[in-house]
Each structure stands twice: as C-alpha cells, then as structure tokens.
C-alpha cells in the first residue's frame with residue numbers, strides 16, 4: 001500500500017476511533033467472542049471441517065502458503081484454524097494470531113466499522129469528516145485550465161462542499177493517487193510531504 005493510502009486509511013481509522021471514544025454508554029460495547037460448538041448455533045461440524053480439508057489441499061498444491069480462518073455465528077466462534085506457513089521458506093507455521101499485510105482489504109474492514117458506528121447513531125454518512133479531523137475543513141480543489149499556448153496550469157479554488165464520511169467510503173472525496181495523477185502540483189505536494197517518490201510507482 002503506498003504511503004498516501006496508508007495516510008488516508010489512518011485518517012479514517014482515526015476518525016472512527018475518535019467517534020468510538022465519545023460513544024454513548026448505551027452504544028454497543030466490544031467484548032471478546034465466546035466459543036460454542038457448531039451444533040449449538042445451528043451449524044455442522046462436519047461441513048466446517050471441509051474448510052480445513054480444502055485449504056490443506058490448496059496449500060499442498062502450492063496455491064497459497066497458509067491461511068487463518070474463523071467462523072462465528074450468533075456472536076460465538078464455532079470454528080477457527082491456522083493452516084500451513086506464515087513464512088514457507090523458513091517453515092514458520094501459521095498461527096491464529098499471525099499478522100498479515102492486507103493492503104486494500106482495509107477498505108471493506110473500515111467500511112464495516114464505519115457502518116457499525118452509523119448503525120449505533122455515533123456518526124452519520126452525511127457528517128463532514130472535518131467534524132472528526134479538523135485539518136479537512138475548508139478544503140480546496142485543484143482546477144486545471146489550458147492557456148492559449150496549450151500549457152496546462154492549475155488553480156486552487158474552494159471546494160463546492162465539504163468531504164463527508166460517505167465520500168470517503170465511496171471514493172468520491174477527491175483525493176488523488178500520487179503515482180497516477182497528471183496534476184503536477186498535487187504530485188509535488190505528495191513528494192514534499194514524503195508520501196511519494198518521483199518516478200516510483202508504489
């Protein structure tokens with residue numbers, strides 16, 4: 001994940017943590033999940049066992065080095081397993097608490113967390129993100145214009161509306177990818193902030 005994506009994800013995560021810190025007492029509290037047998041929650045131990053069988057075959061066929069799987073139903077963990085290797089070359093076995101780089105899979109995870117906060121009434125999709133991250137107040141937009149000489153120049157103008165939680169979730173916040181934008185001032189700003197390196201596609 002390139003640095004600007006880490007920043008954007010961290011910013012949204014910080015917003016969610018901030019919102020969670022001020023949640024009302026009546027809001028959902030996070031507790032460790034209890035365990036149960038599959039049958040106690042209406043599942044089949046035999047069918048859940050097929051997950052392990054299938055993953056072991058994928059590992060044996062060299063399609064993946066290892067995996068960690070957990071299934072919960074009705075608030076209780078009914079199946080968990082660590083299979084294969086977290087470092088195949090070093091033959092380090094996979095563990096239930098192995099740490100993974102998940103790159104863009106942070107998007108659905110953060111989105112689920114955000115929707116849980118929406119469901120609890122802690123945040124609204126229409127909330128401006130500056131409510132949680134004041135640095136995003138009074139944003140400007142870089143607008144391109146072509147001169148008579150054909151040269152493109154950019155001018156910063158006030159944004160027509162504030163960035164909202166929904167904008168972040170649907171990628172319509174106007175945040176550019178440093179490595180693919182054609183907007184030279186934006187590229188330069190990313191480089192200056194050390195979130196990108198010239199000529200490096202991260």
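The values are calculated or read from the model by the stated rules, or taken from the named source; none is laboratory data. Computed from a predicted structure; not experimentally measured. Please note: Cβ atoms are built from the backbone with ideal geometry, for glycine as well, and neighbour counts cover all protein chains shown.
Have a look at 165, 110 and point out the one that is farther than 30 Å from residue 81 by Cα and surrounded by 13 or more Cβ atoms within 10 Å (Cβ to Cβ). Working first, answer last.
Values: 110 fails: farther than 30 Å from residue 81 by Cα.
Exactly one of 165, 110 is farther than 30 Å from residue 81 by Cα and surrounded by 13 or more Cβ atoms within 10 Å (Cβ to Cβ), namely 165.
Hey, can you tell me all the residues within the stretch 88-101 that are in contact with a strand residue (DSSP E or B) (Cβ under 9 Å, 6 or more places away or on another chain) and either surrounded by 13 or more Cβ atoms within 10 Å (Cβ to Cβ) or more than 27 Å from residue 40 (Cβ to Cβ) (or both)? Walk me through how you get there before you give the answer.
Start the filter on the stretch 88-101 by keeping residues that are in contact with a strand residue (DSSP E or B) (Cβ under 9 Å, 6 or more places away or on another chain), which leaves 88, 91-100.
The answer is 88, 91, 92, 93, 94, 98, 99, 100.
Rundown of residues vs (1) more than 28 Å from the chain's Cα centre (by Cα); (2) at pLDDT 95 or above; (3) within 16 Å of residue 96 (Cα to Cα), yes/no style:
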position	(1), (2), (3)
31	no, no, no
35	no, no, yes
43	yes, no, no
64	no, no, no
70	no, no, yes
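Assess whether residue 154 counts as being assigned by TED's automatic domain parsing to the domain that holds residue 196 and either farther than 30 Å from residue 197 by Cα or surrounded by 11 or more Cβ atoms within 10 Å (Cβ to Cβ) (or both). Write out each step before concluding.
Working: assigned by TED's automatic domain parsing to the domain that holds residue 196: yes; either farther than 30 Å from residue 197 by Cα or surrounded by 11 or more Cβ atoms within 10 Å (Cβ to Cβ) (or both): yes.
So residue 154 fits the description; yes.
Can you tell me how many residues within the stretch 106-139 are touching a helix residue (DSSP H, G or I) at 6+ places or on another chain (Cβ under 7 Å) and part of a helix (DSSP H, G or I)? Step through it out loud before you land on a result.
From the stretch 106-139, those touching a helix residue (DSSP H, G or I) at 6+ places or on another chain (Cβ under 7 Å) are 106, 110-111, 113-114, 117, 122-127, 129-130, 132-133, 136-137; that's our starting set.
Remaining after also requiring part of a helix (DSSP H, G or I): 106, 110-111, 113-114, 117, 129-130, 136.
Selection size over the stretch 106-139: 9.
Any idea which residue in the stretch 56-69 is surrounded by the most Cβ atoms within 10 Å (Cβ to Cβ), counting only those that are free of Cβ contacts under 8 Å to residues at least 24 places away in the same chain and out of contact with any helix residue (DSSP H, G or I) (no Cβ under 8 Å at 6 or more places or on another chain)?
That would be 58.
Mind checking which residues of the stretch 59-97 are closer than 30 Å to residue 34 by Cβ and outside any strand (DSSP E or B)?
59, 64, 74, 75, 94, 95, 96, 97
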